[in-house]
Every structure is written in C-alpha cells, then in structure tokens.
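What follows draws every value from the coordinates through simple rules; no lab data is involved. Since this is a predicted model, take the numbers as computed values, not measurements. Here the Cβ is made from the backbone with ideal geometry for all residues, glycine too, and neighbour counts use every protein chain on show.
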Amino acid sequence: MRETSALTDALAKGEAKGRAEGKAEGLAEGETKGKAEGERQAKRAIAREFLDILDDQQIAQKTKLPLEEVIALRRKSAVKR
C-alpha cells in the first residue's frame, strides 16, 4: 500500500512538472509569434507611409517585406482613395 502511495505521488509530481513545462513552452511560443506579428504590422505601417514617395521595389527593400505584399498594400491603398 505504501508503494502505491509513493507511485501515485510520483505520477502526480510528474504530471504537474509536465504541465508546467508545457505551459512555459506554450507561453514562449506565443510570445515569439506575437512579437513576429507586431514586427510585421510595423513594417506594413511603414510601407503604407512610403507608398506615395517610393516605388514598390524600394519599399520592399527598405521594409524587408516581400514585394508581393507591398504590391498588395498599394492595391488596397488605391481602392480606399
């Protein structure tokens, strides 16, 4: 009976440790994804500011956005005007 109790305790500790590690990994992954999305949004905002003074290729080079994304931003901007 004592062995069963020790085994149950060990399993409970292992489960708790696993949950804590999983939670930490999930938080780190979420933080990384959130930071990347924030950087992407900032680049897009800067690109929109350049639309009236630079061509698409220059904007892509300056912001490090893919050229296709800059072209899409320009199209959206033209539709709003």
Considering only residues that are loosely packed, with under 14 Cβ neighbours inside 10 Å and among the small types (G, A, S), which ones fall in region 33-56?
G34, A36, G38, A42, A45
For I59, all conditions in the list (1) surrounded by fewer than 17 Cβ atoms within 10 Å (Cβ to Cβ); (2) β-branched (V, I, T); (3) assigned to a helix (DSSP H, G or I) hold save one; what is the number of the exception?
(1)
